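Data first, discussion second: the structure below is written as structure tokens.
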Amino acid sequence: MLKWIIITIPFLHAFAINSYLPLPLVLTILSCAAVFFCKVRLKIRIEDLCILLVLLLGILGFAIRPEFIGAKNLSHSIAWITTIMFFYFWVSYLLFYSKISLNQIAKFATVAIVVSSMGVIADLILSNTVGKYLFEILPFSISEMEASESLGGLIKRPRGLAAEPGFSAIGFEMLFPIAWIYLRDKNRIIKNVVFTFCLFSYLVLTSAASIVSMAVAVTVAFGATSSINRIFKGVVIFILLVAFGLFIVSIVYPALYEVVISTFDFVIGDKADLMTTGNKGLRRKIYESLLNLIQTEPMGIGFGTLSQYYGNGNRLLNGIPIYGPGAISLYLEVLLASGFIGLISFLCFLFAKIRRLYMIQDLLIRRMFLISIISVSLHHIFLSEIWFPMLWILCALANNISAIMIEQSCIKNKKINYQWI
């Protein structure tokens, strides 16, 4: 079952029962039901108390205020509890007791990213030729989604197996680095074909938040795992390359000026503006209103309260205008629901998992996992969907990485002994 949970990670909305129940979560719940009568011991680590505190504060936030309680509070609380209990605690249990090897995990991640890439390419072709998207062919939990364009309207952005391109992109952020652990030792032709196909699929999603998150993650992962001497050399080389580039640009500046400016405007500039301010500045308005709301409620207002108010037609909460049913950022969602104490607890939980991955002995594997979890964590600055599996499964992997590495070593030793005999 663990194999299928990993392979179906890209299915964030395709074949989902509803938005809160993507296919990977359904399979995870079924795997738990299959061993319901077995003796199960979930290991609670110190940092796990931090995420449990977030759950407690998020429920208390509306429970102590009768005026906040509604159906949305209940549904959001169930979504939080279900996601964390199954995607984090239960997957962590499965990873430990399944005796799965790192090579198997990387293999399943490779299958998952190839499946996701096929969905993206199919969506790209369909949307730009016959004007149809995959959600019009496959059963999706969301049937009506706003179409978007990229490269100055040159192409319609594909969504793949998720409701939005950015949602599919965050799956690539998790799976791509882990898949490379499996691909690195494969035949050069196979490796290059798979890598190029998946990279192209990722790039045509044109997710500015994802590309920025990946760039920062790669920089941090390699910088944090390199010696000071190598970092210094890298900085020097980078400065020399920039200086050389500026020299070349200064020579051909008049000829390239219009090309560079126009390219920046519709390829980079528009995407960066949309990422930070949103359509017609809506994202900026939401950020400002939520930050003002947090100042009036530093202890949090509980899970689903914002959605409850907005769904009831109220556009003011504590006298502050609200522009949507969500916080459009996981960290703002945590802060709004459980207050500053909850946010600090959540960050402690997350940093503890990153630290566990940083302790991996194999340098390449350490870097790949760090890229994966840092990129996904950063992307959630612009995403609030807590029921996506990527972040929680990475945290579960962090819990068991030592045991997984030992299992991998045992498998290699068995193969060596067998070949020697």
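The values are calculated or read from the model by the stated rules, or taken from the named source; none is laboratory data. The structure presented is a predicted model; accordingly, all values stated were derived computationally and were not measured. Keep in mind that these areas ignore ligands, DNA and RNA; they rest on the heavy atoms of the full protein, side chains included. Shrake-Rupley method; radii C 1.70, N 1.55, O 1.52, S 1.80 Å.
Values computed for the structure shown
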quantity: Carbon + sulfur, % of accessible area of segment 302-360 - ligands and nucleic acids excluded, 1.4 Å; calculated: 65
quantity: Amide H contacts of Leu317 (H built 1.01 Å from N, under 5 Å, at least 5 apart or other chain); calculated: Ile322
quantity: Carbon + sulfur, % of accessible area of segment 1-107 - ligands and nucleic acids excluded, 1.4 Å; calculated: 72
quantity: Gain on full stretching of the segment that runs from Ser226 to Asp362 - 0.36 nm per residue minus C-alpha separation; calculated: 47.7 nm
quantity: Relative contact order (percent, whole number), segment 14-164, Cα cutoff 8 Å, 6+ residue spacing; calculated: 30
quantity: Within the accessible area of segment 136-195 (1.4 Å probe), percent carbon and sulfur; calculated: 53
quantity: Relative contact order %, segment 347-409, counting alpha carbon pairs below 8 Å whose residues are six or more apart; calculated: 41
quantity: Length added when fully stretched, Ile137-Trp4, from 0.36 nm per residue minus Cα-Cα; calculated: 45.6 nm
quantity: Accessible area (Å², per residue) of segment 1-145, counting only protein heavy atoms and a probe of 1.4 Å; calculated: 48
quantity: Computed log₁₀ I(q)/I(0) - Debye formula, equal Cα scatterers, no solvent, segment 306-362, q 0.16, 0.17, 0.20 Å⁻¹; calculated: -0.61, -0.65, -0.78
quantity: Cα gyration tensor shape for segment 121-230, rounded if a/c is under 1.5, else prolate or oblate; calculated: prolate
quantity: Alpha-carbon centroids, segment 324-343 and segment 351-390: separation in whole Å; calculated: 20
